[in-house]
Amino acid sequence: MGRQRWWLLLAVAAAAAVVVGAAAQETCSDMVPAAPRRGAWMSLASFVVVGGGGGDGRTLSTPAFQAAVASIERRRAPGGALLYVPPGVWLTGPFNLTSHMTLFLARGAVIRATQDTSSWPLIEPLPSYGRGRELPGGRYMSLIHGNGLQDVVITGDNGTIDGQGSAWWDMWKKGTLPFTRPHLLELMNSSDVVVSNVVFRDSPFWNIHPVYCSNVVIRNVTVLAPYDSPNTDGVDPDSSSNVCIEDCYISTGDDLIAIKSGWDEYGVAYGRPSSHITIRRITGSSPFAGFAVGSETSGGVEHVLAEHLNFFSSGFGIHIKTNTGRGGFIRNVTVSDVTLDSVRYSLRIAGDVGGHPDDRYDRNALPVVDGLTIKNVQGQNIREAGSIKGIATSAFSRICLSNVKLNGGAAVRPWKCEAVSGAALDVQPSPCTELTSTSGMSFCTNSL
C-alpha cells in the first residue's frame, strides 16, 4: 500500500505541475469572449439528401454545406448553431459561413477543395488592394468565406481543410492563371472569430486571411504546404486589430505569418491599419520568413508583439519589408525570444521590397519605419547576420537590437546597414556602426 500511495502522490504532483505550468503560460486567447453555448447541433450528413454529396471524396458536397448554413440562418437558435462535419472526405467548392456559428471538424474529417476552377466564383477585389493581388480584376472566392460576420468558430478534433492547391500552383508556374488564386479561409469585416484545433493543408494561395476584422484568435492550428508551393503564406492578418496567433506549427512555401494592411494608393485611401497583434509560440519552416511584416503595409502596422518563436531551415527569421510608394507606417513592433536554426538571414528590415498594383501609385508616398525592437535572439547555423536598409529620403529610426547571438558553421557574414539609426546592445557578430551611436541608446534601453 505504501508504494502504491507513493506512486499516486507522484502522479498527482506531476499533474498539478502541468496545470500550474499551463496556467503560468501567457495567452492572448481571451481577446475573444467564449462563444455562447450553441442552441442547436446539426450534422453535415443530414443535408446530403437535400444537397447531395456523402463524404466519399468524389461527389461534390457544396450543396450540403450551403443548405446547412442556410438552415442555421433560418433557425436562429439561441446562441447560434454548431455544424458537425463527420469523418470522411467532403469534396466541395467554396461556401459561406454565417454569424453565431461553429464549424466543427471531427477527427478524420476532411473538407477538400475541388480542383475544378469553374466551381470557384469570382468576387470583387479588396478595396485596400484595388485589384487582385496577382492579376488585375477580381479574384477567386476563398474555399471557406464570410463577410460581415460576428461570433464565428472554426474548430474540431484536428480535422483537415485541404485546398488541393497543386492545380493552382501549376497554373501560376505556367503563367495561365486568369485571376488571383483563392485562399483557404478568408473572413472579411468580421469580429469575434476563433480558429483552433484544425489542420490547413495545400492552400492555392494564402491559407488564413482575416481582413478588416477585429477580435480574432488563431491557436493550436497546423498549416502545411510544400516548400516550393508559391505564395502559400500561413496566417496573414490584414488591416485587422486585436488579433491573437499562438501555439501553431506552420510549414509552407512562403512567409509563415505576415502582417499586412493594404497596397499602395489603395491601402492609403482605405486607411485601416493592422494593430494590437500578439503572436506567441510559433514553430515552423519556410524558404522565406518565419515572421514578417509587409510588404503591403500602406494602411499602417503598429503595436505588435511577437515572442517565443522557433524557426528552422528558413530563408529569414524576421523580415520587415516595405517600399517607396507604400506610404503608411510600421511602428512599435517588438520581436522577442527567438530561436533560429539553419536560417540564412536572421533579420532583414528593408525599404525596397514588393511590386506595385499599377503605375498610379504615388512615388512620393514614403513609409515611416520607427520604433522596432528585436531582442533575445539565439541562432545557430546562420549564414548571414542580416541587413537593415532604409530609404535614403525616409531613414528607418529607433531600431533596437539587444541580446542577439548568431553562430554558424563558418563565420557568420556581418551586418549590412544603410539609412538607419538606433542602437545595439550585446549583439554578435558586432553590429554595424549605424547602430552603435549613443543617439538611439535611450529608446533601446527604455524598450527593454
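The values are calculated or read from the model by the stated rules, or taken from the named source; none is laboratory data. Values in this document were obtained by computation on a predicted structure and should not be read as measured data. Methodologically, a virtual Cβ is constructed for each residue, glycine included, from the backbone with ideal geometry; neighbour enumeration extends over all protein chains shown. Surface accessibility is based on the protein's heavy atoms, side chains included, excluding ligands, DNA and RNA. Shrake-Rupley method; radii C 1.70, N 1.55, O 1.52, S 1.80 Å.
Just a few scattered comments:
- In the range 334-359, the residues that are closer than 16 Å to Gly300 by Cα and surrounded by 24 or more Cβ atoms within 10 Å (Cβ to Cβ): Ile349, Gly351
- Answer residue from the range 118-133, given it is in a loop (DSSP other than H, G, I, E, B) and over 15 Å from Arg272 (Cβ atoms) and is most open to solvent (accessible area, probe 1.4 Å) among those: Glu124
- Val235 being under 25 Å from Val152 (Cβ atoms), under 11 Å from the mean Cα position of the chain (by Cα) and among the hydrophobic types (A, V, I, L, M, F, W, C): yes
- Of Gly138, Gly146, all but one fail to be in contact with a strand residue (DSSP E or B) (Cβ under 8 Å, 6 or more places away or on another chain), within 18 Å of Val211 (Cα to Cα) and open to solvent by less than 10 Å² (accessible area, probe 1.4 Å); the exception is Gly146.
- For Ser241, the criteria (1) over 12 Å from the mean Cα position of the chain (by Cα); (2) open to solvent by less than 10 Å² (accessible area, probe 1.4 Å); (3) hydroxyl-bearing (Ser, Thr, Tyr); (4) within 21 Å of Asn215 (Cα to Cα) hold in every case but one, which is (2).
- Test: residue in the range 163-171 that is at pLDDT 95 or above, out of contact with any Gly (no Cβ under 9 Å at 6 or more places or on another chain), within 19 Å of Met31 (Cβ to Cβ) and open to solvent by 10 Å² or more (accessible area, probe 1.4 Å): no
- In the range 419-448, the residues that are at positive phi form Cβ pairs under 8 Å with partners that are surrounded by 12 or more Cβ atoms within 10 Å (Cβ to Cβ) and among the aromatic types (Phe, Trp, Tyr), at six or more places apart or across chains, as follows: Ala419/Phe396; Gly422/Phe396; Gly422/Phe443.
- Condition check for Leu91: under 18 Å from Gly146 (Cβ atoms) and either modelled with pLDDT of 95 or more or of a type in the set (A, V, I, L, M, F, W, C) (or both): no
- Ala64 vs. criteria under 24 Å from Asn189 (Cα atoms) and either in a loop (DSSP other than H, G, I, E, B) or not basic (Lys, Arg) (or both): no
- Checking each residue in the range 327-346 for being among the small types (Gly, Ala, Ser) and either at positive phi or at pLDDT below 95 (or both) picks out Gly327, Gly328, Ser342.
- Members of the range 303-329 that are farther than 22 Å from Gly253 by Cα, within 17 Å of the chain's Cα centre (by Cα) and surrounded by 24 or more Cβ atoms within 10 Å (Cβ to Cβ): Val304
- Meets criteria (touching a Ser or Thr at 6+ places or on another chain (Cβ under 9 Å), farther than 21 Å from Arg413 by Cα and among the small types (Gly, Ala, Ser)) for Ser336: yes
- Any hit, the range 212-223, residues being of a type in the set (A, V, I, L, M, F, W, C) and surrounded by fewer than 22 Cβ atoms within 10 Å (Cβ to Cβ): no
- Condition met for Asp247 (assigned to a strand (DSSP E or B) and at pLDDT 95 or above): yes
- If you go through the range 44-102 and keep only what is open to solvent by less than 50 Å² (accessible area, probe 1.4 Å) and of a type in the set (Val, Ile, Thr), you end up with Val48, Thr62, Val69, Ile72, Val85, Val89, Thr92, Thr98, Thr102.
One line per residue, one yes/no per condition, for (1) in a helix (DSSP H, G or I); (2) touching a residue at least 40 places away in the same chain (Cβ under 8 Å); (3) β-branched (Val, Ile, Thr); (4) over 22 Å from Val216 (Cα atoms):
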| residue | (1), (2), (3), (4) |
| --- | --- |
| Leu135 | no, yes, no, yes |
| Ser142 | no, yes, no, no |
| Thr160 | no, yes, yes, no |
| Gln164 | no, yes, no, yes |
| Asp170 | yes, no, no, yes |
| Thr176 | no, no, yes, yes |
| Pro182 | no, yes, no, no |
| Glu186 | no, yes, no, no |
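- Taken over the range 19-54, the criterion of being in a loop (DSSP other than H, G, I, E, B), hydrophobic (A, V, I, L, M, F, W, C) and at pLDDT 95 or above is satisfied by Cys28 alone.
- For the range 408-447, a residue qualifies if it is among the aromatic types (Phe, Trp, Tyr), open to solvent by less than 30 Å² (accessible area, probe 1.4 Å) and outside any loop (DSSP other than H, G, I, E, B), but none of them does.
- Residue in the range 290-302 that is of a type in the set (Asp, Glu), more than 21 Å from Asn376 (Cβ to Cβ), open to solvent by 20 Å² or more (accessible area, probe 1.4 Å) and in contact with a strand residue (DSSP E or B) (Cβ under 8 Å, 6 or more places away or on another chain) present: yes
- The criterion of at least 2 residues that are in contact (Cβ under 8 Å) with a residue 60 or more places away in the chain is met, among strands (runs of 3 or more DSSP E) falling completely within the range 256-301, by 274-285.
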